[in-house]
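Below is one structure, written out as structure tokens; the observations come after it.
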């Protein structure tokens, strides 16, 4: 025996193992188990901040977990390996079966077994004309194989059709997911009420493109945030409704239209959708230097920390000498508690406070290390003041002054383009149709044989009940003829 | 009537249904415990007489039906009090889930002669309702903005009904394993003589799963469509989504194991229990302690 033949037969053996049902079943169970850690450890794709916190809390453990991709389970090599093997196994199983099934479309049922009395649902009735039986079975839409003294009838091929449709649709869904991740884009932008957002990469706070998506492919719309309304339940402080009103133009510069965006009602441009993702408050401050010259005047988005929108933020003034930073929190409705200190007791702005601690020194903006806009690295700074400001109050911190003049709402727009999702939807609809067809179609055979009496027997695939009644009915009808 | 008083009326109905389920539980227990006179040693076991507790058994079923009706009223009034479908927090998921579970039992009771299963079912319903009204209870309130969608009705109802039937299949699989253990040791104890054969139980749990698996698939797909319109992506491996996927995979494996690989009996029953427990884990653990976007438990 040559080694070439050996390796070929080995490969064939591997292929047969991979496409066997047992392997597919093991891979399916493995896929379920492999999905578990992603729900137990924070994932980079959903919660990068929690992942960072995990690294800070358990540095050694986190490093080891990261080596096994446990913070990005669903894009990890081992998770990918399992589902790719599963899909190869599935295709290797389903394709030959599809071809076989297509060939069987015109085929006649297999020959009637020799001894019907060994089969299930066996009955004998007084002799009836086979032509009559055949006509009856044809009327019941059975496929018929008619031999001289027997009939072999089969029905329920749709079961296999549905089964194959279901599995092929899963492949379509997988392809759609792939298309979505290779093409398309996803970005977030925080925009203050009154501001205008033009859909270019520089307008985004975060923006990611699929591997094969050109960066100049963003649809050229622009929108102006006209109004944002958040309604709260005064009894429970829970949000009731968010309404975002925007003036849109597509392309930017064309005639403007007023549109409403809600949590479950995104704005759509082709395969691009604009979602209202989050909201918060932006306190407005005026910062002057020692000479009284205005250095900064405007809103700064703050990051909400709880359901009552107590928010933290950083107001950075790099244009002063020395540089000034305000590590701040904003309380929309200020309240005091002997234990917790100042806190917000309602998410709407009823009695706002801006708590600031003033730092001077080097903000570290030129180090090249990306910084959070909500935090200040105070390692090269020195604290020179601390103050809780009510509305329109000013505070002189020596190097200059700050005045808390008002607030605005901000909204987080999430702008997503996923060209694959249409295919995924089609795949899902086909999959569920296939599933319904295959699970609710009974495939069964009925045999009739002519002897001294007429013999009837049947076989239901997977032992699904119903055939017994069907045969009883047939016998009754034949008897009454 | 004000919304608050309707909510209180709903609570009264829930308590009343709990009373009925308690009665049903005891009636079922009586039926099981005293169904057969212990046969004297001389009497052959083949002639067992169950007529003695037939009445108690029917009474138990009547209690179950009444409890179900009262629970239905409780769930409906809860919805009216909040002016929406009653699926906004975990208390409401639980009472509706108990409704779906008892409903699935009553549906199967007619079709498959399942009265004996009333004992674990009434107990499970009681435990669910008890936990709901003591630990999970929240006053009736409007929905969070993210839940304001037609998909709430479609996605959550499909998920709750599937859950009810999955758990019923679990009860059957559990019963299978218990009876199987007895039969391995020898014969069944007398109280279990009336229960269906192992083969019937095995088929029943398979049929329940096969019946509701497409609905669960639909629930997951409907959730994906809703997620796309609310959160901008149809799938994001949120913990709840992940566990819904795991449940789907586990039941898919169960169906394949039975239909294609030919698993029967004990192995299949264990796989069924495993799949059902992933559903329960998702419902209990992820709702209460989990993170992610499906945090609507209100706890």
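The values are calculated or read from the model by the stated rules, or taken from the named source; none is laboratory data. Owing to the predicted nature of the structure, the values given are computational and were not obtained by experimental measurement. Here the Cβ is made from the backbone with ideal geometry for all residues, glycine too, and neighbour counts use every protein chain on show.
Results for (1) closer than 30 Å to residue A:427 by Cβ; (2) under 28 Å from the mean Cα position of the chain (by Cα); (3) assigned by TED's automatic domain parsing to the domain that holds residue A:267, shown as yes or no for each residue.
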{"residue": "A:128", "(1), (2), (3)": "no, no, no"}
{"residue": "A:132", "(1), (2), (3)": "no, no, no"}
{"residue": "A:195", "(1), (2), (3)": "no, no, yes"}
{"residue": "A:202", "(1), (2), (3)": "no, yes, yes"}
{"residue": "A:205", "(1), (2), (3)": "no, yes, yes"}
{"residue": "A:210", "(1), (2), (3)": "yes, yes, yes"}
{"residue": "A:213", "(1), (2), (3)": "yes, yes, yes"}
{"residue": "A:227", "(1), (2), (3)": "no, no, yes"}
{"residue": "A:232", "(1), (2), (3)": "no, no, yes"}
**OP:** Filter region A:252-269 down to residues that are more than 30 Å from residue B:140 (Cβ to Cβ) and either in contact with a strand residue (DSSP E or B) (Cβ under 8 Å, 6 or more places away or on another chain) or buried (at least 16 other Cβ atoms within 10 Å of the Cβ) (or both), then give me how many there are.
**Re:** 10
Original post:
Which one of these is more than 10 Å from chain A (Cβ to nearest Cβ), under 18 Å from the mean Cα position of the chain (by Cα) and over 30 Å from residue B:137 (Cβ atoms): B:248, B:270?
Top reply: B:270
**OP:** Looking only at region B:234-245, count how many residues are surrounded by fewer than 23 Cβ atoms within 10 Å (Cβ to Cβ), on the phi < 0 side of the Ramachandran plot and within 7 Å of chain A (Cβ to nearest Cβ).
**Re:** 2
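Yes or no, residue by residue, for (1) more than 10 Å from chain B (Cβ to nearest Cβ); (2) modelled with pLDDT of 90 or more; (3) in contact with a strand residue (DSSP E or B) (Cβ under 8 Å, 6 or more places away or on another chain):
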{"position": "A:21", "(1), (2), (3)": "no, no, no"}
{"position": "A:25", "(1), (2), (3)": "no, no, no"}
{"position": "A:44", "(1), (2), (3)": "yes, no, no"}
{"position": "A:62", "(1), (2), (3)": "yes, yes, no"}
{"position": "A:67", "(1), (2), (3)": "yes, yes, no"}
{"position": "A:81", "(1), (2), (3)": "yes, yes, no"}
{"position": "A:98", "(1), (2), (3)": "yes, yes, no"}
**OP:** Go through region A:424-481 and give me each residue that's touching a helix residue (DSSP H, G or I) at 6+ places or on another chain (Cβ under 6 Å) and under 30 Å from residue A:181 (Cα atoms).
**Re:** A:424, A:427, A:428, A:430, A:431, A:432, A:434, A:435, A:436
Original post:
Regarding residue B:115, is this residue at pLDDT below 90, touching a helix residue (DSSP H, G or I) at 6+ places or on another chain (Cβ under 8 Å) and within 14 Å of chain A (Cβ to nearest Cβ)?
Top reply: no
Original post:
Is it true that residue A:430 is within 10 Å of another protein chain (Cβ to nearest Cβ), more than 18 Å from residue A:300 (Cβ to Cβ) and surrounded by fewer than 22 Cβ atoms within 10 Å (Cβ to Cβ)?
Top reply: no
**OP:** Could you look through region B:221-233, keep only residues that are over 11 Å from residue A:273 (Cα atoms) and facing another protein chain (nearest Cβ under 9 Å), and pick out the one that is surrounded by the fewest Cβ atoms within 10 Å (Cβ to Cβ)?
**Re:** B:225
Original post:
What about residue A:435, is it within 36 Å of the chain's Cα centre (by Cα), crowded, with 19+ Cβ neighbours inside 10 Å and in a strand (DSSP E or B)?
Top reply: no
Original post:
So which helices (runs of 4 or more DSSP H) stay within region A:1-60 end to end and still have 1 or more residues that are outside the structural domain of residue A:97 (by TED's automatic domain parsing), more than 30 Å from residue B:257 (Cα to Cα) and without any contact (Cβ under 8 Å) to a residue 12 or more places away in the chain?
Top reply: A:3-18
